[in-house]
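The structure's right below; bear with me while I get my questions together.
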Amino acid sequence: MLDRREFVFLLLFAAAVLLAFVWPAETTAPAGSLPATAGIEDADPATDITGVVVDVRGRPVGGALITSDLHLFGRAPLYLPDWTRPEIEGPTTVTARDGTFVLTVGHGEIADFCVRPQVHGEAMVAWRRPGDHLRITVTDGADVVVTVRERTGEPVADARVVLLVDRPAVGDILWHSGVTNAAGRHTFSRLSAAGVVRIFARESGRESRETTTTIPTSGRVTADLTLPKVARSSEDSDPPDFIAGRVLDPAGNPLPGARIATECDQGMSDVSGRFRLRSRGHGNKIAIWAPGYGRVAEATEGWSGSRDIRLGPGRVLSGRVLDASGAVQPDVRVDLVGEDLLAPEHALSDARGSFRFADLSPGKYLVAVMPGNERGCHRRIVVEPDADRTDVELRLP
């Protein structure tokens, strides 16, 4: 017979063994191989995005893989859906044992990144900038299985499937894409729960109708898409004009790799700083920028021959969003409007209520906050030529 102490000991031991099976480890690598912390205090706010990944109970998630994509033309948002904007593969990292991470994306870059824990569903984070500090909560994931067929019912292989997750609170979308297999099927595995999801498919110029669904916290969702018989034809017969120029640094030297965008085209300057893009003219603008330099927007109407565009040193506009009591407000969209921006830009305040716009030219800007349906606030700011950094505090009423 076991005495009481031995019985309690065996009971606790059995509970611990059972818990080890039903409560899997969060790490994708042995815990001992991960650093205790990512060293956020040593991160460079000019190049690094930092944060911590936790589960719904607030426990750190170590060993989660973080991959990123950099918006090639994110500096001047085009009048196109987010999923059509070209991106390049960015850096990757893994969260430390305490769930912290440092992701070095580079000076002035805009990044989307995906957090993939071993156990939970993946989390997508969009439109983040160096200097942002995030707290990312991952939930259990659900699979979304999409099947693409012809009108005759035949499966369509190699069709591009796009899944868009609307985020009205911050005014943007997250997106996933994939290609169907021989059975016309593609599975988006372990996606985080989401309310409004739009799905469509494309193949050889054909595009299906959108279908909408929601993603639960776990389980499986299916969606069936049908492609039309023929591709949609373009009715745009207005031939574009072309504009050309050369991008120079403050000393007048050619600046290769500068990013240039119009409302209908985009490109990068070559080794001699030269570029040639399509433009519709009629009062439209061309935007030119490069990491570390101030952005410039020029009117394309009347553009003739090749112009030299000289970029000056980039300036930083940063600040914090607070409520009426002075408490920080995270995940609030901050809009920036200025003469040297092709379109309004936006940032999200981080866990400390901070936001940051880099690589600005000197000039007048409007900074505005409109959190959901609440009353917002705005400030008119002047970025001076001799000020490397301008700080602003936005206090909600």
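Take Ala223 and tell me if it is within 22 Å of the chain's Cα centre (by Cα), of a type in the set (A, V, I, L, M) and farther than 30 Å from Glu41 by Cβ.
no
Something else now. Six or more apart or on different chains, Cβ atoms under 8 Å: show the pairs whose first residue is in the stretch 262-279 and aromatic (Phe, Trp, Tyr) and whose second is modelled with pLDDT of 80 or more and part of a strand (DSSP E or B).
Phe275/Ala244; Phe275/Gly245; Phe275/Arg246; Phe275/Val247; Phe275/Ile260; Phe275/Gly267; Phe275/Met268
Among the residues of the stretch 178-230, which ones are free of Cβ contacts under 8 Å to residues at least 60 places away in the same chain and part of a loop (DSSP other than H, G, I, E, B)?
Within the stretch 178-230, Thr180, Asn181, Ala182, Ala183, Gly184, Ser204, Gly205, Arg209, Glu210, Val230 qualify.
How many residues, within the stretch 268-284, are out of contact with any Gly (no Cβ under 6 Å at 6 or more places or on another chain) and open to solvent by less than 50 Å² (accessible area, probe 1.4 Å)?
Of the residues in the stretch 268-284, 6 are out of contact with any Gly (no Cβ under 6 Å at 6 or more places or on another chain) and open to solvent by less than 50 Å² (accessible area, probe 1.4 Å).
Here's something else I'd like to know. Might you let me know whether the stretch 70-78 holds any residue that is at negative phi and at pLDDT 80 or above?
Yes, there is a match, as at least one residue in the stretch 70-78 is at negative phi and at pLDDT 80 or above.
Let me ask you something else. Of the residues in the stretch 318-353, how many are over 19 Å from Gly294 (Cβ atoms), β-branched (Val, Ile, Thr) and open to solvent by 40 Å² or more (accessible area, probe 1.4 Å)?
Matching residues across the stretch 318-353 total 1.
Here's a follow-up. Do you know which residues across the stretch 354-397 are open to solvent by less than 70 Å² (accessible area, probe 1.4 Å), more than 27 Å from Ala290 (Cβ to Cβ) and modelled with pLDDT of 90 or more?
Across the stretch 354-397, the qualifying residue is only Leu394.
How many residues does the stretch 140-153 hold that are surrounded by fewer than 19 Cβ atoms within 10 Å (Cβ to Cβ) and under 21 Å from Gly58 (Cβ atoms)?
Count: 1.
Another one. I need the full set of residues from the stretch 205-246 which are among the charged types (D, E, K, R) and modelled with pLDDT of 80 or more, in order please.
Hits for the stretch 205-246 are Arg206, Glu207, Arg209, Glu210, Arg220, Asp224, Lys229, Arg246.
Against the definition (touching a Lys or Arg at 6+ places or on another chain (Cβ under 8 Å) and either under 30 Å from Gly267 (Cα atoms) or modelled with pLDDT of 60 or more (or both)), how does Phe113 come out, yes or no?
Taking the combined requirement at face value, the residue satisfies it.
Could you list, in sequence order, the residues of the stretch 285-303 that are surrounded by 15 or more Cβ atoms within 10 Å (Cβ to Cβ) and either of a type in the set (Phe, Trp, Tyr) or not in a strand (DSSP E or B) (or both)?
Selection gives Trp289, Ala290, Pro291, Gly292, Tyr293, Gly294, Arg295, Thr300, Trp303.
Moving to a separate point now. For Leu317, state whether it is in contact with a Ser or Thr (Cβ under 9 Å, 6 or more places away or on another chain), within 18 Å of Arg129 (Cα to Cα), at pLDDT 90 or above and among the hydrophobic types (A, V, I, L, M, F, W, C).
When the stated conditions are applied, Leu317 passes them.
When both residues are 6+ apart or on different chains and their Cβ atoms are under 9 Å apart, which pairs have a first residue that lies in the stretch 133-160 and is at positive phi, and a second that is outside any loop (DSSP other than H, G, I, E, B) and loosely packed, with under 15 Cβ neighbours inside 10 Å?
Within 9 Å, the pairs are Asp158/Val179.
The values are calculated or read from the model by the stated rules, or taken from the named source; none is laboratory data. Bear in mind the structure is a predicted one, so any value in this text is a computation, not a measurement. Counting neighbours? That spans all protein chains shown, and the Cβs are built from the backbone with ideal geometry, glycine included. Accessible surface areas use protein heavy atoms only, side chains included; no ligands, DNA or RNA. Shrake-Rupley method; radii C 1.70, N 1.55, O 1.52, S 1.80 Å.
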